[in-house]
């Protein structure tokens, strides 16, 4: 990454601006950007959680999903659902994902950050169930509670093929501290245990990734990169057929055998 | 129903909790330990897997109504969710959903003693939790999904978000509910932000009493089997709420935008912010 961890990553902002021709406006919280745009022929709302150095909650200044972000995402999506209750074709919602984590802090726990993130999860899930195609575009980190709240309820998950794009339950540095291992030891373990890995190739083997998009630069995309990504987003949106509202397709991954077996056996025993 | 002698709920195993909450004789466990579907990932990391992967799922009846119930065993790997345990809960919610769509009303009760994602199965735990959350949001449009947090582990990580999605949440004083565990916060934000050994601070902010007082839980119940059975039945009897807590967006956001973050927060200040009512500090 070119950007230091303290000030937060700029990737999300750059891709959001590129995809929306800088048509974003501030969402229900200063750290949120929302735009309504046409992406390669598809009517889309684009949502971003971005670093906000002036965030009144100091533990959520580097792009983390905190109290304001969770409820804010929920409100932004709720108003999209509300505005389109009568629409025949529901506009898509595109989550641009570059979230280092959820916010870690005392105020956050005291004021119910879990409930705030639940609001965001609920809003994305309700939008999906209402027929809005939901597509997540991972351009940087997609970590833990941050990703659950912003992106993981999508019908389709796309990612830039870049080593700065990582999906995990806990950031590598924090995971190393908590498990009393070095980051190198975590990498070693990850090379044998696919769900432990941070890289996208292993993540794709779990079945949750729908497309890996190669770009010349994930940090400063050129026009061709942007066009390619727009094309992939539009393709994903048009691939989501009416009634295709579940997350079932994620079960097809080569490294998700147990997830399928559990469901098959439970189904067989359900009426037994 | 259980016998009427007073008995604690918190000390019971996950399987016993399920048996006691369901109508007597109605428990039909799915994927029991005899099926021996264990975690495919733990042994490679030197951890002995458990035959039920620390999650008990069953269907049965509560008050003669069809209900599915899942219980996480807090004593196995801290109630953490891996691939198998996560798939059991998600799969259970998916089967209940199908029943509802077929016209057979089926509610759900989730006993959430969980540290969140099992780090040894990281991305499969996280992915499963996303599917559990999707399952709750869809199922709760048909029938109530009741969450229960009793302790001793408490409910953290992605499963605390799942708790926030439930139609109703029941807690005991021994239960805790929070997104991040105290040690992780201390590690990431420093001891001045959160002292993980300060019991009073942590229980004051995240314990069942405070969560109930501030509206983040619906029922506070004694650690007693009969009281718990009554509380669960009471929530199920209320049916689907007109508004789920997770969707009460406007007031929540307005409140938080006004918070004075120039100083740290106490349980009383949190109470005031979340309820709009001042609380006198009479300690």
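Each pair of Cα atoms in the protein assembly as shown enters the Kirkwood radius, and Stokes-Einstein at 10 °C and 1.306 mPa s then converts it into a translational diffusion coefficient of 68 µm²/s.
Given R0 = 35 Å, the distance between the Cβ atoms of residue A:254 and residue B:278 translates into a calculated FRET efficiency of 0.05.
Separation of the stretch B:1-55 from the stretch A:152-216 is 31 Å, based on Cα centroids.
Peptide A:208-215 has a mean shielding of 1, counted as Cβ atoms of other protein chains within 10 Å of each residue's Cβ.
How many angstrom lie between the C-alpha centres of the stretch B:59-109 and the stretch A:78-117? For the stretch B:59-109 versus the stretch A:78-117, the Cα centre distance is 26 Å. Under the shape rule built on the C-alpha gyration tensor, where the axes satisfy a ≥ b ≥ c, the stretch A:108-149 is oblate, since a/c reaches at least 1.5 while a/b does not exceed b/c. The stretch A:220-245 and the stretch B:216-283 have Cα centres separated by 41 Å.
Shown for the stretch B:176-282 is the translational diffusion coefficient from the Stokes-Einstein equation, using the Kirkwood radius over Cα pairs, a temperature of 4 °C and a viscosity of 1.567 mPa s: 81 µm²/s. The mean of 1/r over all distinct Cα pairs in the stretch A:11-270, once inverted, gives the Kirkwood hydrodynamic radius of 18.8 Å.
Counted by neighbouring Cβ atoms within 10 Å, the residues A:263, A:248 run from fewest to most as A:248, A:263. Counting Cβ atoms of other protein chains within 10 Å of each residue's Cβ and taking the mean over peptide B:36-49 gives 2. Counting every alpha-carbon pair across chain B, the share separated by more than 28 Å comes to 35%.
No lab work stands behind these numbers, since they all come straight from the coordinates. Because the structure is a prediction, the values reported are computed rather than measured. Positions of Cβ are backbone-derived with ideal geometry, glycine not excepted, and every protein chain shown enters the neighbour counts.
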